[in-house]
1. Yes or no: the range A:193-204 includes at least one residue that is within 22 Å of B:W81 (Cα to Cα) and facing another protein chain (nearest Cβ under 8 Å).
2. Within the range B:47-60, can one find any residue that is more than 9 Å from chain A (Cβ to nearest Cβ), part of a loop (DSSP other than H, G, I, E, B) and open to solvent by 20 Å² or more (accessible area, probe 1.4 Å)?
3. Within the range B:92-102, is there a residue that is at the interface with chain A (Cβ under 8 Å from one of its Cβ atoms) and among the acidic types (D, E)?
4. Can you pull out the residues in the range A:199-214 that are among the hydrophobic types (A, V, I, L, M, F, W, C), open to solvent by 30 Å² or more (accessible area, probe 1.4 Å) and over 17 Å from the mean Cα position of the chain (by Cα)?
5. For the range A:72-95, name all the residues that are more than 7 Å from chain B (Cβ to nearest Cβ) and open to solvent by less than 50 Å² (accessible area, probe 1.4 Å).
6. Checking the structure you have, find out if any residue of the range A:159-181 is in contact with a helix residue (DSSP H, G or I) (Cβ under 9 Å, 6 or more places away or on another chain), acidic (D, E), within 30 Å of A:D89 (Cα to Cα) and buried (at least 18 other Cβ atoms within 10 Å of the Cβ).
7. For the range A:166-199, what are the residues that are in a helix (DSSP H, G or I) and of a type in the set (D, E)?
8. Could you please give the count of residues in the range A:33-62 that are in a helix (DSSP H, G or I) and either more than 7 Å from chain B (Cβ to nearest Cβ) or of a type in the set (S, T, N, Q) (or both)?
Amino acid sequence: MRAGATAVAPMLIGVVPFGLVAGATPVANGLGPEAAVGLSTLVFAGASQLAVADVLGGGGSAVVAAAAACTINLRMLLYSASLAPYVADTRLSHRMAAAYLLVDQNYAASITRWVGDDGRRSRLSFFFGAGLLLWLAWQLCTIVGALLGSAVPEELPLDFAVPLVFLVLLVPAVTDRPALVAAVAGGGAAVLGAEAGAGPLAVMIGAVVGITAGVVAEVIGERRP
Amino acid sequence: MSTTWTAIGLAAVGTFAMRASFLAAAHRLATVPEWAHRILRQIPPAALAALVLPALVRPEGTIDLLQPRLAAGILAGVVAWRYRNIAATLVVGLGALMVLEAL
């Protein structure tokens with residue numbers, strides 16, 4: 001557990017201001033602090049929480065708000081598939097608890113650690129250490145943000161910490177040529193998708209295009225002597 | 001039930017279902033076929049790059065290569081590649097961004 005918490009501790013620099021915004025945004029949209037806390041505890045996925053507050057604040061229906069949230073969180077399907085083979089021998093109840101705690105940060109930290117490990121040390125213990133620290137920080141920041149409003153000074157560009165964290169985890173993920181192709185195609189497709197107006201779906205578009213390109217690169221690489 | 005709580009409930013159920021999907025079936029995935037393994041291997045680089053690159057090249061909502069976030073991101077990328085350390089990368093990346101924005 002401690003190793004997982006240690007691995008994600010530096011990421012809190014990006015998580016804390018994001019959590020404050022996640023607490024403040026539903027209140028600013030007139031949904032009340034209890035909705036902010038409800039979103040953080042029940043949904044527990046930053047960008048999608050902002051989308052729900054935004055849609056409802058603009059007078060949208062519950063179904064549209066939930067659909068927007070689920071669209072943003074589609075990448076969780078990929079994370080779930082990516083992690084599953086590593087925890088195949090664990091109890092279902094533990095895997096369901098892990099599913100509840102699954103976010104970008106502990107996915108990336110865990111997959112980085114589990115690839116190539118011998119599987120003797122408990123993988124889920126690492127995951128829970130990372131997930132619980134992120135969960136606790138997220139809930140505390142939500143409450144503070146909901147009560148105080150967003151109190152982060154504008155001059156500090158702390159929102160930039162979020163992509164920087166994924167950048168550190170991206171580097172060791174690029175292990176060979178197919179992975180490089182997947183990263184370049186995935187990043188490029190996400191940019192083009194966003195440019196074309198895909199909004200939050202751009203990440204999912206990028207991921208699918210990147211995965212496809214990586215698989216194709218691998219198959220071509222194997223056929224070439 | 002109010003619109004707000006209906007939305008929160010639906011979003012929560014949908015999000016959990018996606019998170020749980022493959023993890024729930026993990027015991028059947030102990031032996032992953034090679035074709036599936038090919039796909040799973042590409043998820044981390046593809047998904048992480050899709051999260052990173054838009055934040056670097058279109059921070060204001062349109063592609064713009066001559067702005068501090070791309071420069072700071074490239075510098076942070078060098079630190080990330082050399083040291084593989086989150087704290088060092090954050091300090092260099094955020095520091096560079098603040099200096100470049102102040103110029």
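The values are calculated or read from the model by the stated rules, or taken from the named source; none is laboratory data. Everything numeric here is computed off the predicted structure, so don't read it as measured data. When we count neighbours, we look across all protein chains shown, and the Cβ atoms used for this are built from the backbone with ideal geometry, even at glycine. Accessible surface is based on the protein model in full, side chains and every heavy atom, while ligands, DNA and RNA are left aside. Shrake-Rupley method; radii C 1.70, N 1.55, O 1.52, S 1.80 Å.
1. So the first thing to find is which residues in the range A:193-204 are within 22 Å of B:W81 (Cα to Cα), and the list is none.
No, that holds for no residue.
2. Initially, the range B:47-60 is screened for residues more than 9 Å from chain A (Cβ to nearest Cβ), giving B:60.
Checking the rest, the ones that are also part of a loop (DSSP other than H, G, I, E, B) come to B:60.
Filter once more, so that each one left must be open to solvent by 20 Å² or more (accessible area, probe 1.4 Å): B:60.
Scanning the range B:47-60 turns up at least one residue that is more than 9 Å from chain A (Cβ to nearest Cβ), part of a loop (DSSP other than H, G, I, E, B) and open to solvent by 20 Å² or more (accessible area, probe 1.4 Å).
3. The initial filter retains those residues of the range B:92-102 that are at the interface with chain A (Cβ under 8 Å from one of its Cβ atoms), namely B:93-94, B:97-98, B:101.
Retained after the next criterion (residues that are among the acidic types (D, E)): B:101.
Taking every residue of the range B:92-102 in turn, at least one turns out to be at the interface with chain A (Cβ under 8 Å from one of its Cβ atoms) and among the acidic types (D, E).
4. Looking only at the range A:199-214, we keep the residues that are among the hydrophobic types (A, V, I, L, M, F, W, C), and these are A:201-205, A:207-209, A:211, A:213.
With the extra rule that they be open to solvent by 30 Å² or more (accessible area, probe 1.4 Å), the set shrinks to A:201, A:203-205, A:208-209.
A:V209, the sole residue that qualifies.
5. A:I72, A:Y79, A:T90
6. Narrowing the range A:159-181 to residues in contact with a helix residue (DSSP H, G or I) (Cβ under 9 Å, 6 or more places away or on another chain): A:159-181.
Subset that is acidic (D, E): A:159, A:176.
Retained after the next criterion (residues that are within 30 Å of A:D89 (Cα to Cα)): A:176.
Right, trim to buried (at least 18 other Cβ atoms within 10 Å of the Cβ) and you get none.
Within the range A:159-181, none of the residues are in contact with a helix residue (DSSP H, G or I) (Cβ under 9 Å, 6 or more places away or on another chain), acidic (D, E), within 30 Å of A:D89 (Cα to Cα) and buried (at least 18 other Cβ atoms within 10 Å of the Cβ).
7. Applying the first criterion (in a helix (DSSP H, G or I)) to the range A:166-199 yields A:166-173, A:177-195, A:199.
Once the filter is applied, which keeps residues that are in a helix (DSSP H, G or I) and of a type in the set (D, E), the range A:166-199 yields only A:E195.
8. Of the residues in that region, 16 qualify.
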